[in-house]
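**Q** Sharing a structure, written as structure tokens. Questions coming.
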Amino acid sequence: KVVEARLQKFYSSMNQAIARAEVDYGARDLWFEDNKASGGKQEAWCQKYIIPYMNVIDTGKLLNNYFYMSFADGSSVALASANGRDWFFFPGSPKKCVEKHNNAMYQSVGKCSFAFYYNPVKRTTGSGYYSWEFAAYNKSAWDGQDIDTLKTNSTYGCSTASSAWPGYCTLLIQANGWKIPDDYPFRVKY
């Protein structure tokens, strides 16, 4: 229940923060930057566009220079070190989560971290990751109907059989009304 509530709250808070930043800085596609962690650009970007609009109580670095922000409810979010598009939400401690999974961020996804994606480019056709909002990770043309696709996708499916990493677990939970399904393939911890 804690994970479900924190996931839903984080999703809503991030979209509200982005909308508030738009009031101050204009359309998000004008101020978004695909920043790498090197040189502190991610942190500077978050300090300007995200942190003033959220209840951030701490910031720091996680493995491979992932910049993270911690919130008053005990949750955190980290940006992938390679860009500003992949975000990993932790309902609990990010350090404990990644340490438990051999310091491999992608091994923690769906268990104690949850993948989100931010690409502030207006979608002109189709569906998928070209969304105008901060959203649950979705790199396919998921039609919003077939829940099994979120489980069976060979690359990002929320299953123990996924060939890469279970990035669609966040979307599966969101599609289930922000409730972890009874047949969820992993034990979730925070």
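**Q** Using the 4.7 Å Cβ rule, please list in number order the cysteines from the chain without any candidate partner.
**A** Here CYS46 come out as lacking a disulfide-compatible partner, given the Cβ-Cβ threshold of under 4.7 Å.
**Q** Please report, in debye to the nearest 20, how large the charge dipole of the chain is about its Cα centre when each Lys and Arg carries +1 at its beta carbon and each Asp and Glu carries -1 there.
**A** With Lys and Arg at +1 and Asp and Glu at -1, about 420 debye.
**Q** Still on this structure: Could you please state, rounded to a whole Å, how far the C-alpha centre of region 22-66 is from the C-alpha centre of region 144-186?
**A** 28 Å
**Q** Then there's this: Please state the relative contact order of the chain as a whole percent: Cα pairs under 8 Å, 6+ residues apart?
**A** 17 percent
**Q** Now for a different question. In nm, to one decimal, how far is the TRP31 label point from the ALA44 one, both placed 7 Å along Cα→Cβ?
**A** Those two pseudo-labels are separated by 1.6 nm.
**Q** Given the convex hull over the Cα atoms of region 1-115, what projected area results after averaging over all orientations, in nm²?
**A** Values: hull surface 26.1 nm².
Answer in nm², one decimal: 6.5.
**Q** Ok, one more. Using a 1.4 Å probe on the protein heavy atoms, what percent of the accessible area of region 1-125 belongs to carbon and sulfur?
**A** 47 percent
**Q** When ligands, DNA and RNA are left out and all protein chains stay put, how many square angstrom of accessible area per residue does the chain have with a 1.4 Å probe? Working shown, then result.
**A** Numbers: 9020 Å² over 190 residues.
Solvent-accessible surface per residue comes out at 47 Å².
**Q** Which of PHE116, PHE71, PHE90 moves the most in a Gaussian network model of the chain with Cα springs under 10 Å?
**A** PHE71
**Q** In the chain, which longest range has no trypsin sites (Lys or Arg not before Pro) that are both DSSP loop (not H, G, I, E or B) and surrounded by at most 11 other Cβ atoms within 10 Å?
**A** The segment 2-121 is the longest one with no such site.
The values are calculated or read from the model by the stated rules, or taken from the named source; none is laboratory data. Please read these numbers as outputs of a predicted model, since none were measured by experiment. Reconstructed Cβ throughout: ideal geometry from the backbone, glycine too, with neighbour counts over all protein chains shown. The protein model used for the area step is the full one, side chains on, heavy atoms only, and it has no ligands, DNA or RNA in it. Shrake-Rupley method; radii C 1.70, N 1.55, O 1.52, S 1.80 Å.
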